[in-house]
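Quick notes on the structure that follows.
The values are calculated or read from the model by the stated rules, or taken from the named source; none is laboratory data. Since we're looking at a predicted model, the values are computed, not measured. So basically every Cβ, Gly included, is an ideal-geometry build from the backbone, and we count neighbours across all protein chains shown.
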Amino acid sequence: MEEVWGSIVEAARGLEGSPLGAFMRRSPMAYPAANLVHLAGLVMLLGGIGALDLRVLGLGRAVPLSALSRYLTPFGLIGIAFSLISGGFMFAADAGALINSRMFQAKMAILVVGLLNAVAFRGLFGDPGGEPSFGARAMAGVSLLSWIAVAALGRLLGYL
């Protein structure tokens with residue numbers, strides 16, 4: 001396991017030392033632009049998937065779940081794509097320090113939980129219709145908490 005972690009740390013340091021890492025640190029606009037895209041992605045993700053999670057949890061029962069899912073899921077998918085791509089660019093600027101940060105590691109672990117939960121939810125429930133089962137509600141709760149935690153940890157990384 002130490003060998004794998006060592007390889008990950010080495011790859012992160014290589015990314016930081018790469019032309020991309022140097023560009024992200026030196027350009028006066030690259031990092032702020034990536035940060036804005038990251039924030040926009042987060043808003044789209046939490047706005048889309050967060051609203052859907054709240055509906056699965058029972059809020060807004062007057063809104064048909066299936067229609068809401070078909071409408072909001074694409075926003076969530078675009079949001080996660082924006083966040084993953086822009087996050088990779090921002091990571092390149094300071095990858096050596098971030099890879100060893102417990103807060104960053106927690107953020108990445110919770111991000112994986114959120115992604116796996118989303119894939120499992122779609123696999124188990126597809127495009128949900130009718131009133132959700134206890135399992136669907138539990139997974140919606142995990143989703144909502146995961147994405148809020150990822151957002152909070154990401155914002156805190158800049159201050160700690």
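Under the condition of being under 27 Å from ARG25 (Cβ atoms), assigned to a helix (DSSP H, G or I) and not hydroxyl-bearing (Ser, Thr, Tyr), the residues counted in region 57-97 number 16. The single residue among LEU20, LEU54 that is in a helix (DSSP H, G or I) and within 21 Å of the chain's Cα centre (by Cα) turns out to be LEU54. Is at least one residue of region 80-103 modelled with pLDDT of 95 or more, under 25 Å from ILE148 (Cβ atoms) and basic (Lys, Arg)? Yes, some residue in region 80-103 is modelled with pLDDT of 95 or more, under 25 Å from ILE148 (Cβ atoms) and basic (Lys, Arg). Checking the structure you have, find out if any residue of region 122-134 is out of contact with any Phe, Trp or Tyr (no Cβ under 6 Å at 6 or more places or on another chain), in a helix (DSSP H, G or I), of a type outside the set (Val, Ile, Thr) and crowded, with 20+ Cβ neighbours inside 10 Å. No, that holds for no residue. Which residue is nearest to ALA152 (Cα to Cα), if the candidates are limited to region 52-81 and must be surrounded by fewer than 19 Cβ atoms within 10 Å (Cβ to Cβ) and small (Gly, Ala, Ser)? Filtering first and then ranking leaves ALA81. In the set LEU39, LEU115, LEU84, LEU111, only one residue is under 13 Å from the mean Cα position of the chain (by Cα), surrounded by 20 or more Cβ atoms within 10 Å (Cβ to Cβ), under 20 Å from LEU153 (Cβ atoms) and aliphatic (A, V, I, L, M); that residue is LEU111. For ASP94, the conditions (1) crowded, with 17+ Cβ neighbours inside 10 Å; (2) farther than 22 Å from LEU160 by Cβ; (3) charged (D, E, K, R) are fulfilled apart from (2).
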